[in-house]
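Here the structure comes first, spelled out in structure tokens, and everything after it is commentary.
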Amino acid sequence: MSLSGATVLVTGAGGGSGEATAKAFLRAGYSVIAGDLQVPAWETEYESQLTRVKMDISQEDEVNDVVRRAAESGHPIQILVNNAGVAIGVPIEQMSTEIWNKNLSVNATGTFFCTRAVVSILLEKGLPGSIINIASIAGKNGFANTAAYCASKAGVIGMTRGLAAELGPRDITVNAICPGSVDTPMIQRVINGISADTGEDKSTVRRRMESSIPMNRFQKPADIAALALFLASDGARNINGEAINLDGGVVRD
């Protein structure tokens, strides 16, 4: 069954890849609920299709409330893009329990809360759906000083594959996008940190990081948006349980 024009929830939609993804679905004619810790404030010409909400995905009650209100309005969420996340990286000997729990509570548990809430409505109403989890190549390839982040994203990939087997027979697909370095404020913070630690010029750090990518460039938020839009489309209804690398060729598996 086609999901064209269905209601989409995009988490972490205040900026970066989440904003780009929400806007891509709006342009394609979907109704979009854009959620973030603060109500997304970007401008769009598609206001009639857009609902902006404040939500912390690590808070179960907030997630359930957003999903319930959508269902009660007669427009249940059929497409979920689990984009919200954090990346707090420190060496293991400096990693507090708080830092570990923060990575896991947002990236893994928050994804679980959102997915469970949406899927429960879909199963209750017998509706098809598409769950799109934004994981990371860090969930496949380990990177130094990011053990908690890597663990959280590996968990998202495992959740994706398990739920794909569980929900596929109910016409609900579950897939993950695994970006590499995306040109957002987050990657700029990484560049700034390396520059401060090493004394290298920021442009030099950026060039060195990009040179490690076979395509010699960071990914763009629009790249993630385009793949998410495809995975929700009729042409992708037989793609299920995949963790698709979107990294310019860094990870080849």
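What the table below lists for this structure:
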read-out	value
Between 0 and 90°, nearest 10: helix 147-167 axis offset from the chain longest Cα axis	30 degrees
Assigned charges on the beta-carbon of Lys, Arg, Asp, Glu; region 1-105 dipole about Cα centre (debye)	300 debye
Cα-centred dipole magnitude for region 107-189, charges only on beta-carbon of K, R (+1) and D, E (-1), debye, nearest 20	120 debye
Proximal charge balance of GLU19 [Cβ under 14 Å; K/R count +1, D/E count -1]	0
Amide H partners (placed H, <5 Å) of ILE33, local residues excluded	VAL8, LEU9, VAL10, THR51
Whole-angstrom gap from region 1-33 to region 76-93, using each part's C-alpha centre	17 Å
GNM result for the chain, Cα springs below 10 Å: residue of GLY199, GLY126, GLY139 fluctuating most strongly	GLY199
Nearby lysines by direct alpha-carbon distance to LYS140 (threshold 25 angstrom, same-chain neighbours under 8 apart not counted)	LYS102, LYS153, LYS220
Acute angle (nearest 10 degrees) that the helix 60-72 long axis makes with the longest principal axis of the chain, alpha-carbon atoms	40 degrees
Under 15 Å from the Cα of LYS125 - aspartates and glutamates, other chains or at least 8 residues apart	GLU72, ASP171
Residue-wise HN-Hα coupling along region 27-41, computed from phi with Karplus coefficients 6.51, -1.76, 1.60 (Hz; x: Gly, Pro)	4, 7, x, 7, 8, 10, 9, 9, x, 6, 4, 10, 4, x, 10
Protection-proxy order for peptides 5-15, 216-226, each taking the mean of Cβ atoms within 10 Å per residue, highest first	5-15, 216-226
Computed FRET value (nearest 0.05) for ASP61 with GLU124, which takes r as the C-beta separation and R₀ as 30 Å	0.95
Segment ASP171-ILE244, length gained on full extension (0.36 nm per residue, minus Cα span)	24.3 nm
ARG237-ASN192 FRET efficiency (beta carbon distance; Förster radius 51 Å; 0.05 resolution)	0.75
Residue-averaged [θ]222 nm for the chain, counting only DSSP H segments that reach four residues, each worth -39500 (n - 2.57)	-13000 deg cm²/dmol
Protection proxy ranking, peptides 152-163, 234-245, 92-103, average beta carbon neighbours within 10 Å, highest first	152-163, 234-245, 92-103
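Each value in this text was obtained by applying a stated rule to the coordinates, not by laboratory testing. The structure presented is a predicted model; accordingly, all values stated were derived computationally and were not measured. Glycine gets a Cβ as well: all are built from the backbone with ideal geometry, and neighbour counts include every protein chain shown.
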